[in-house]
Amino acid sequence: MRRLSLLISLITLMVVAPLRAAAQTSTAPEETYKFDFGAGVGMSGYLGDANHSNMFKHPGLAANLSFRYLMNTRFAIRGMLNVLSLSGDTSDWDDVLPGGAQYDFKATVYDLGGRFEFNFFSYGIGETYKKLKRWTPYLALGVGVTLSSCGGSTNVAPNIPMAFGFKYKVKERINLGLEFSMTKVFGDKVDGDKLTDLYMIKSSFMKNTDWYSTIQVSVSYEFGKRCVTCHYVD
């Protein structure tokens, strides 16, 4: 009887042990990736000589393509190409320009640049020991170049983009994003050659140089699988 009990215990152990090992294997961390590629669409606005107050008083359309290098769960480097339409009109101002002049413009803007992103939380799915979250707010700061086509003229100037956004991981490789950005242009011709020094004030960082902004919704897809068994950052 004792031998039978020992035999049953041994068989039980031989069956249960592999099942436990399989269960532990099934809870392994999800795969992680090095890059993501995305696209977004939304609304654009402008501050400059033809609009001094409400940035989205004359809203336009905005779209982007982006490529991220995912350094880790908290930091990323992102390259972006934005295309947006901007417009402004001084006819509805309370202020009166010298000589009672009125101006309006419509421009197409191409913005190419790079940004450094910081996630407030460790972003991802799985790997609970890292306390990953599938959503996080983030901040971004970078440098870029603005090319504006307006009224038959084309102008180029450097810029500094600043952004605040929110990411949500729908699935392991699919992300949704919502972002508000403001871009400082080191130039006064985003709105064309005619809208410069309307008040005869010399340009400075805050005066007579142009800003534009976007609110965009985006989706991105991750690729470039990381080595999950390596003991180094690849």
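The values are calculated or read from the model by the stated rules, or taken from the named source; none is laboratory data. All values derive from a computational prediction rather than experimental measurement. Here Cβ is always computed from backbone atoms with ideal geometry, including for glycine, and neighbour counts include all displayed protein chains. SASA here: full protein model, heavy atoms, side chains in, ligands and nucleic acids out. Shrake-Rupley method; radii C 1.70, N 1.55, O 1.52, S 1.80 Å.
Among the residues of the stretch 50-72 satisfying the criterion of being in contact with a Leu (Cβ under 6 Å, 6 or more places away or on another chain) and not in a strand (DSSP E or B), which is farthest from G177 (Cα to Cα)?
The residue in question is A50.
Can you name the residue in the stretch 54-70 that is crowded, with 17+ Cβ neighbours inside 10 Å and more than 15 Å from S44 (Cα to Cα) and is also farthest from the chain's Cα centre (by Cα) among such residues?
L70
Scan the stretch 105-141 for residues that are touching a residue at least 40 places away in the same chain (Cβ under 8 Å) and small (G, A, S) and jot them down.
A107, G113, S122, G124, G126, A140
I want to confirm something. Restricting to the stretch 83-93 and keeping residues that are in contact with a Ser or Thr (Cβ under 7 Å, 6 or more places away or on another chain) and at pLDDT 95 or above, which single residue is surrounded by the most Cβ atoms within 10 Å (Cβ to Cβ)?
If we filter the stretch 83-93 for residues that are in contact with a Ser or Thr (Cβ under 7 Å, 6 or more places away or on another chain), which is where we start, we get 84-86.
Filter again for at pLDDT 95 or above, leaving 84-85.
Details: L84: 25, S85: 17.
If we take residues in the stretch 83-93 being in contact with a Ser or Thr (Cβ under 7 Å, 6 or more places away or on another chain) and at pLDDT 95 or above, then L84 is surrounded by the most Cβ atoms within 10 Å (Cβ to Cβ).
Quick check on N159: is it at pLDDT 95 or above and under 21 Å from S87 (Cβ atoms)?
yes
For residues that are part of a strand (DSSP E or B), open to solvent by 80 Å² or more (accessible area, probe 1.4 Å) and either modelled with pLDDT under 95 or on the phi > 0 side of the Ramachandran plot (or both), tally how many sit in the stretch 142-155.
Final tally of qualifying residues: 1.
For the stretch 117-141, which residues satisfy the criterion of being assigned to a strand (DSSP E or B), over 12 Å from the mean Cα position of the chain (by Cα) and surrounded by 20 or more Cβ atoms within 10 Å (Cβ to Cβ)?
The answer is Y123, T136.
Provide a single number: the residues in the stretch 71-82 that are in contact (Cβ under 8 Å) with a residue 12 or more places away in the chain, of a type in the set (A, V, I, L, M) and either more than 19 Å from M162 (Cα to Cα) or open to solvent by 80 Å² or more (accessible area, probe 1.4 Å) (or both).
Residues in the stretch 71-82 being in contact (Cβ under 8 Å) with a residue 12 or more places away in the chain, of a type in the set (A, V, I, L, M) and either more than 19 Å from M162 (Cα to Cα) or open to solvent by 80 Å² or more (accessible area, probe 1.4 Å) (or both): 1 in total.
Being polar (S, T, N, Q) and at pLDDT below 95 is the filter; apply it to the stretch 39-82 and report the residue that is nearest to P137 (Cα to Cα).
T73
Just to be sure, is K184 of a type in the set (K, R), open to solvent by 40 Å² or more (accessible area, probe 1.4 Å) and either free of Cβ contacts under 8 Å to residues at least 12 places away in the same chain or outside any loop (DSSP other than H, G, I, E, B) (or both)?
Spelling it out, it is not the case that K184 is of a type in the set (K, R), open to solvent by 40 Å² or more (accessible area, probe 1.4 Å) and either free of Cβ contacts under 8 Å to residues at least 12 places away in the same chain or outside any loop (DSSP other than H, G, I, E, B) (or both).
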